[in-house]
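Presented below is the structure to which this report refers.
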Amino acid sequence: MRARVVVPAALLLRLAACKPPANAPPPRSTLVVGLDVSGSFRQTPYFNEALDFAALYIYAHLHGSGKLRQVTDIFVGTMGGERTGQAKTFHPIQDLTEKSPEEIAASLRTWFPETDPITDFNGFFERLSVHIRRQNLVLAPLNVVMFTDGLPDFPGAGRLTPEARFGKVDMSPLEFLSRSVAVRVLYVRPTVAQSWERLVKRKRVRIWTQDAQTMQGWRRHEIPGAPLEQQDSLLSWMDKIVDFRVRRGKII
């Protein structure tokens, strides 16, 4: 009888030793938000709504609201510019702390008032990779969330087939930044979402897409005027619709 009591007790002690203290900081993880400020997306009815949702999403992950992962680093930038490969600023987490969702949304509109003529995903991925390495954030789980119409833009892109156009999207700079890299492409058309899932080449990077009509559903779960921490339905929607745990490989 005594032996049967001692063994479980030893296991319990071992499990307790592995459990982090209640006041321990969250594990390191990085959220990068990319905003498409090109004319093709800015002129759609989804652009301003996307900024409002992006602000709520950033705030929720900044504070670990509901079941969402609390991230330790956040960077916000744009995808595109006057020319391909143009370097742009990534705003760090320090520019977002102590702000409400409404203040974050106002900051996004203030930071990125310009309308870029092109959407340069390859340049965005390359700059993101350099930034992550410089900040010594390699190996921390990386979640890249892009609010965009999803159409790669470069000279002659409009004359290419979807296979050729999306085949030029280069995700290689992200492949070995972490053991877990997810790229989420939000507010795209269903055909564009399918092209990202099936035609964009990658090995370790996981891709998740949501079309614009699905993304508009977050409004139905919002309680106007209520603090985000009390909006269980909206937080659950974010977790299930946007932060879906997608497996590696292409969606068939």
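Points worth noting:
- Kirkwood Rh (inverse of mean 1/r, distinct Cα pairs), region 110-232, angstrom: 16.2 Å
- Sequentially through region 35-47, phi angles give Karplus couplings (6.51, -1.76, 1.60; θ = phi - 60°) of 10, 8, 9, 6, x, 5, 9, 4, 7, 7, x, 8, 4 Hz, Gly and Pro residues having no value and appearing as x.
- The angle between the Cα long axis of helix 121-134 and the longest principal axis of the Cα atoms of the chain comes to about 40 degrees, rounded to the nearest 10.
- Close amide H contacts of T119 (hydrogens built in the peptide plane, cut-off under 5 Å, sequence separation of 5 or more or a different chain): D153.
- Two-decimal Rg to Rh for the chain - Kirkwood Rh, Cα set: 1.03
- Put a dot 7 Å past the Cα of E229, heading toward its Cβ, do the same for L160, and the two dots end up 4.7 nm apart.
- A simple packing score, the average count of other Cβ atoms within 10 Å per residue, orders the peptides 184-196, 128-140 as 184-196, 128-140, with the highest score first.
- Accessible carbon and sulfur surface of the chain relative to its total accessible area, %, 1.4 Å: 55 percent
- Added length on full extension, which subtracts the Cα-Cα distance from 0.36 nm per residue, R247 to R204: 14.5 nm
- Orientation-averaged projection of region 108-179 equals 6.1 nm² [convex hull of Cα atoms, one quarter of hull surface area].
- Taking every DSSP bridge with both residues inside region 19-138, close to 20 percent are antiparallel.
- With Cα atoms as the point set, the radius of gyration and Dmax of region 162-252 evaluate to 15.3, 46 Å.
- Residue-averaged [θ]222 nm for the chain, counting only DSSP H segments that reach four residues, each worth -39500 (n - 2.57): -10500 deg cm²/dmol
- Summing charges over neighbours of V138, with a neighbour being any other residue whose Cβ is under 14 Å away from its Cβ, gives +3 when K and R count +1 and D and E count -1.
- Mean projected area of the Cα convex hull of region 32-163, taken over all directions, amounts to 8.8 nm².
The values are calculated or read from the model by the stated rules, or taken from the named source; none is laboratory data. Predicted model, so just to flag it, every value in this text is computed and none were measured. Please note: Cβ atoms are built from the backbone with ideal geometry, for glycine as well, and neighbour counts cover all protein chains shown. Remember, those area values only see protein heavy atoms, side chains included, never the ligands or the DNA or RNA. Shrake-Rupley method; radii C 1.70, N 1.55, O 1.52, S 1.80 Å.
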